[in-house]
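Peer 1: Once you've had a glance at the structure underneath, I'll fire off some questions.
The values are calculated or read from the model by the stated rules, or taken from the named source; none is laboratory data. Being a predicted model, the structure only gives us computed values, none of them experimental. Neighbour counts run over all protein chains shown; Cβ positions are idealised from the backbone, glycine included. Calculation scope for accessible area: heavy atoms of the full protein, side chains included, ligands and nucleic acids excluded. Shrake-Rupley method; radii C 1.70, N 1.55, O 1.52, S 1.80 Å.
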Amino acid sequence: MSPLSAHALVCRRGARTVLEAVDIAFAAGAVTAIVGPNGSGKTTLLRHLAGLDTAQAGKVELDGKPIAGFGVAERARRIAYLPQGASAYWPLLGRDLVALGRLPHGIDLSRPFAPEDADAIGRALARVDGAPLADRPIDTLSQGERARLMLARALATEAAIVLADEPVASLDPAYALDAMAILRAEGARGACVVVSLHDLGLAARFADRVIVLAGGRVASDGPAAVALQPAVIDAAYGVGFRTVTIDGVVQPVAWSRQP
């Protein structure tokens with residue numbers, strides 16, 4: 001059974017259809033990248049998968065049951081959701097920001113952390129190379145440093161499902177590679193990882209499966225070499241792509257704007 005799935009999902013914003021009859025089942029132990037142009041429905045799909053939005057038709061299932069039937073706390077323990085551009089601007093210490101990921105497990109931020117919470121927070125900080133940031137107020141950090149702590153906050157939940165919406169958007173290339181390697185490791189430990197990306201090269205390199213959204217529909221779904229064929233992504237993005245192969249991985253490169 002798929003731990004997370006969408007069935008005939010339809011979402012409308014006024015007169016605009018954002019998602020139209022989307023059927024996708026996600027696997028545990030794998031990284032699925034959702035790609036597509038701006039406005040194609042990537043963020044909307046992730047919000048529905050997280051149980052944050054209600055569809056006009058269709059349903060999302062968590063472990064084979066409608067996600068609407070799960071309480072907020074239980075859903076938050078099962079699904080770690082990292083929204084696009086997630087940040088915080090009040091002067092929490094980095095460690096306390098990461099500790100917010102333990103709220104679904106009942107952590108009391110006003111008391112010394114229980115050993116299991118402290119261990120989870122420490123592991124999450126270590127995975128994003130965040131130990132040097134742990135005792136710094138987050139309003140003194142760069143946007144990229146905050147983004148690393150936000151990823152650590154999601155990891156601290158230690159959920160079976162990780163949904164990350166554009167988690168590398170504010171990171172420099174080195175940390176973008178690190179973040180994708182971390183998400184890849186989450187898949188390797190058995191988590192169901194779904195990540196939206198604009199960088200098709202990162203999707204091709206790190207994802208087991210790539211889903212291309214275009215016009216609110218699934219335009220392509222499969223391994224990167226299949227899903228990211230030029231004919232598909234040319235049509236989806238309105239761009240002429242060329243490909244290069246690096247270490248056996250085919251990398252799409254946006255080359256020319258279509259008229």
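Peer 1: Could you please find all residues in segment 145-199 being among the polar types (S, T, N, Q), in a loop (DSSP other than H, G, I, E, B) and at pLDDT 95 or above?
Peer 2: Hit for segment 145-199 is 157, nothing else.
Peer 1: Right, another one. From 117, 108, 96, which residue is open to solvent by 50 Å² or more (accessible area, probe 1.4 Å), over 15 Å from residue 138 (Cβ atoms) and not β-branched (Val, Ile, Thr)?
Peer 2: Just one listed residue meets the conditions, 108.
Peer 1: Does at least one position in segment 210-224 carry a residue that is loosely packed, with under 15 Cβ neighbours inside 10 Å and not in a strand (DSSP E or B)?
Peer 2: The answer is yes, given that some residue of segment 210-224 is loosely packed, with under 15 Cβ neighbours inside 10 Å and not in a strand (DSSP E or B).
Peer 1: Is segment 82-92 home to any residue that is touching a Ser or Thr at 6+ places or on another chain (Cβ under 7 Å) and touching a residue at least 24 places away in the same chain (Cβ under 8 Å)?
Peer 2: Yes, segment 82-92 contains a residue that is touching a Ser or Thr at 6+ places or on another chain (Cβ under 7 Å) and touching a residue at least 24 places away in the same chain (Cβ under 8 Å).
Peer 1: Here's a follow-up. Across segment 239-259, which residue is nearest to residue 198 (Cα to Cα) among those that are of a type in the set (Gly, Ala, Ser) and loosely packed, with under 12 Cβ neighbours inside 10 Å?
Peer 2: That would be 256.
Peer 1: Separate question: In segment 43-52, which residue that is part of a loop (DSSP other than H, G, I, E, B) and crowded, with 17+ Cβ neighbours inside 10 Å is modelled with the lowest pLDDT?
Peer 2: Filtering first and then ranking leaves 51.
Peer 1: Only one of these is in contact (Cβ under 8 Å) with a residue 12 or more places away in the chain and either on the phi < 0 side of the Ramachandran plot or of a type in the set (D, E, K, R) (or both): 108, 172, 119. Name it.
Peer 2: Checking each option against the conditions leaves just 172.
Peer 1: Considering each residue of segment 85-139, count those that are at pLDDT 90 or above and in a helix (DSSP H, G or I), and give that number.
Peer 2: Selection size over segment 85-139: 29.
Peer 1: Another one. Can you find even one residue in segment 22-32 that is in a helix (DSSP H, G or I) and over 27 Å from residue 234 (Cβ atoms)?
Peer 2: no
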